[in-house]
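To keep things clear, I will list the structure first and then write my remarks on it.
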Amino acid sequence: MGKKSTKDILAQLRAEAAAKKGEPAPQQESAAGAAAGGGPAEKPAVPKKPAAAGGSTKDILAAARAQAAGGGAPAAKPAAAAKPAAKPAAGAKAAAAKPAGERPSVQEMLRAAREGRPLQPAEPPREAAAFRKPVSPAAAKKARPEKTAAPLTRRQALIETITSPFVMAWVAFATATAAFLLATLRFLIPNILVEPPSRFKIGIPSDYPPDMVSTKWTPEFGVWVVNTVYEGQRQIFALISVCTHLGCTPNWLDGEQKFKCPCHGSGFYITGINFEGPAPRPLERAAIALAPDGTLEVDKSQKFQQEMGQWENPSSYVPVV
Amino acid sequence: MFDAHPDLTEAVVHGLGWLYVILFVMNAWWTVVAYRRGTHTRVRLFGLLEDGQEVPTAGFWALYSALLLMVAIAHFQVTGSYAAENFLIRMPEWLKVWIDAVIADPVAYFTLSVVGFAAVILLREWLVRPTVAWVLLNVALVFMALSMTDFDFRQIVGKPDNVPIVAMLFILGFFTWLYFRRAVENDRRIAEGRPLFEQEDNEKVLVWPDLVYTELICMVVLSVVLVAWGIVLQAPLEEPASAVKTPNPSKAPWYFLGLQEMLVYYDPWLAGVVFPSLILVGLMAIPYIDFNKKGNGYYTFKERAFAVSVFMFGFLPLWVAMIILGTFLRGPNWNIFGIYEYWDVHKLEVLNNVNLSEWFWLTLMQTQQPQSILVRELPGIIAVLAYLIILPPLLAGTVFRRFFHRMGFIRYMVFVNLALLMAALPIKMVLRWAFNLKYIVAIPEWFFNI
């Protein structure tokens, strides 16, 4: 007999138990008869579960394995067909088959099951060492002959642990992951920056006639250079071309004399003050200064916000005289 | 006015001819349906026929179909650009001007969408009649066909991006209609004490083959539509992206245009973060807020009038109407343009928006704005807090009294706050349009604006 399924074992046990013990309860007898005859037709005879039935599935299994170890079970298959009828009786059978108090231990059950299997030749019980933590093959080979002798020293244990495939695999995995993360982080620091410099010269002040907005530097540096009167003073300043609502680039509309954002319709006067649409605050200014060579120099790294009163700062404009 | 209607080309006229042919076929079918139904209408011809005379309804549909066929033939007769440009069947100019004037005005547009929404609910019993629905569909299609003779309308509706949106509007209309048809039917049955439509007509079918075959057919049809769509309408690729150049107008994908419209009225953190999250959380909260056990597993309007109306208000005027506004009406510089209007970059809309604090201190109190930020914004802060703190108990005692008793304190507060925040969008829109109000609380120093 090759493999024996749990179902088979169970059914066989039940059948045997039913046949062997012509015990009490007429209902059980009828159930047993059904099992022996292999007839599934005895459905109405299905009895109530006896109150005394205390045998768990585990018990049944254990008993079945023990019996299977003794003899083959040619009757198992037909008995399986009788299973529905036999089931209620099984509890009582199992309880009866095994006197209370001497339940086999798990090890016993395992051993019995193993011995019952012809495919697996009975081998001597493994030494406790087999259940030890896995060690590298080399270490294990070395350790085996003197296994029974002196226990491992701490150094040996440490070496064995470190050189075990388990630890080595995790270390390799962690290293690879860390290297990958570092490589990713490295991408945040480019070797060369193609961004324009934040300081750049924009020519002499007379390049910017009064009341005009120069869009000359917008594509490259993202600033408008404006020459207009702000708070009674004519000045040249650089407005950063980012809408203060959601960061689109507004367009300078010369006819309407305003900056108009295409995303949500915010509008700004030539001075950069917001007046229509949802932009909550004026455009920001970049720092601007007259360089010693007479040209204007814009520094985008420094920003000036009107609502913070920073447009008073002399670095935010160049007065025109 | 800028003359931006240069051409009605032969190709366009012939294309419209085919549209009229389709309309003719649809209505010919409808004529047959009406004939089989055999309904009659009494015609009095303004008293000319004294008592009137019974006329089969199918007769009118036959007349209409014949007219459509003649219109289609007239379209096919056009050859050459001269004939096309002088083609007579087109949207009348006065009507275009009138429609533009109504639609390009946000107040009128929003009012119209709300009134339309209310009308759909109030007139639902009338709207769900098949004849009414069919007439409305015809009106919509003829309107589309006539509008197509306008150059600017073709530009905006024929954009590859927008074609599916137009189709979706028709689908939306159909499903809304279908809901109301089923709901009205069930409401009638409930009133008469008859079993529900879903109970009476609950014959079960098999997954295989009934459902699986339907799904297979849908799959095939949908694949064909997608392939045809992909071939016919080219992907609208634009110039390479640049951080310093924003396309004008710059539009979000169509399904986010409601949010983009919201961003016109609110600060980014509110319209871009808080409100979208609230929409999602609010939709998830509906089953927990709802205490009405009716309407489970069947269509009904009367038994869930409040829930359905509120949801539809949020969906139709506040979401779909905003998508239409964003898709078809918002043009360069995010100005509103009529559907027949040329997208003039230099269209001037005078909008001088002021914050509540500016209006309060400078106009009302005739003084300088206080230096302290919190004092300056006190009127706005008080208004917002009053809206969110005083209104809930006030509503609990009046309009929502029944709700408050049924829901209990916590559920009621969740419900009423969601409702108030939903109402905050139209309120702010109206304030912006009517009073040019920019922000109620404006603290740009702290990036906090409401």
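The values are calculated or read from the model by the stated rules, or taken from the named source; none is laboratory data. If you're wondering where the values come from, they're calculated on a predicted model, not measured in any experiment. Neighbour counts are summed over all protein chains in view; Cβ atoms, including those assigned to glycine, are modelled from backbone coordinates with ideal geometry.
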Residues satisfying the stated conditions in region A:268-283, i.e. surrounded by 24 or more Cβ atoms within 10 Å (Cβ to Cβ) and facing chain B (nearest Cβ under 8 Å): A:G277, A:P278
Single match in B:F291, B:F311, B:F315, B:F337 (criterion: over 20 Å from the mean Cα position of the chain (by Cα) and not assigned by TED's automatic domain parsing to the domain that holds B:R406): B:F291
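Hand me the list of helices (runs of 4 or more DSSP H) wholly inside region B:305-397 holding 2 or more residues that are touching a residue at least 12 places away in the same chain (Cβ under 8 Å) and within 14 Å of another protein chain (Cβ to nearest Cβ).
Because the criterion is at least 2 residues that are touching a residue at least 12 places away in the same chain (Cβ under 8 Å) and within 14 Å of another protein chain (Cβ to nearest Cβ), the helices (runs of 4 or more DSSP H) in region B:305-397 that meet it are B:373-376.
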Single residue of region A:164-207 satisfying the filter (among the basic types (K, R) and not in a helix (DSSP H, G or I)) that is nearest to the chain's Cα centre (by Cα): A:R199
Helices (runs of 4 or more DSSP H) enclosed by region B:65-165 - at least 2 residues per element that are surrounded by 16 or more Cβ atoms within 10 Å (Cβ to Cβ): B:93-103, B:106-122, B:124-127, B:130-147, B:151-157
Any pair with Cβ under 9 angstrom, 6 or more apart, that starts in region B:236-265 at a residue that is acidic (D, E) and ends at one that is in a loop (DSSP other than H, G, I, E, B) and crowded, with 18+ Cβ neighbours inside 10 Å: B:E261/A:H264
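Please tell me if A:S315 is part of a helix (DSSP H, G or I), assigned by TED's automatic domain parsing to the domain that holds A:M212 and surrounded by fewer than 20 Cβ atoms within 10 Å (Cβ to Cβ).
yes
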Selection count where residues are closer than 30 Å to B:P426 by Cα and within 12 Å of chain A (Cβ to nearest Cβ), scope region B:230-255: 7
Region B:417-439 residues that are within 14 Å of chain A (Cβ to nearest Cβ), paired with ones that are surrounded by 15 or more Cβ atoms within 10 Å (Cβ to Cβ) and part of a helix (DSSP H, G or I) (beta carbon under 6 Å, 6 or more apart): B:K428/B:Y265; B:M429/B:Y265; B:R432/B:Y265; B:W433/B:P106; B:L437/B:L431
Yes/no for A:R199 being away from chain B (no Cβ under 14 Å) and in contact (Cβ under 8 Å) with a residue 12 or more places away in the chain: yes
Hits in region B:404-416 (condition: surrounded by fewer than 20 Cβ atoms within 10 Å (Cβ to Cβ), assigned to a helix (DSSP H, G or I) and free of Cβ contacts under 8 Å to residues at least 12 places away in the same chain): B:H405, B:F409, B:I410
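With a cut-off of at least 2 residues that are more than 10 Å from every other protein chain (Cβ to nearest Cβ) and crowded, with 23+ Cβ neighbours inside 10 Å, name the strands (runs of 3 or more DSSP E) lying wholly within region A:221-263.
In region A:221-263, A:223-230, A:233-240 are the strands (runs of 3 or more DSSP E) which contain 2 or more residues that are more than 10 Å from every other protein chain (Cβ to nearest Cβ) and crowded, with 23+ Cβ neighbours inside 10 Å.
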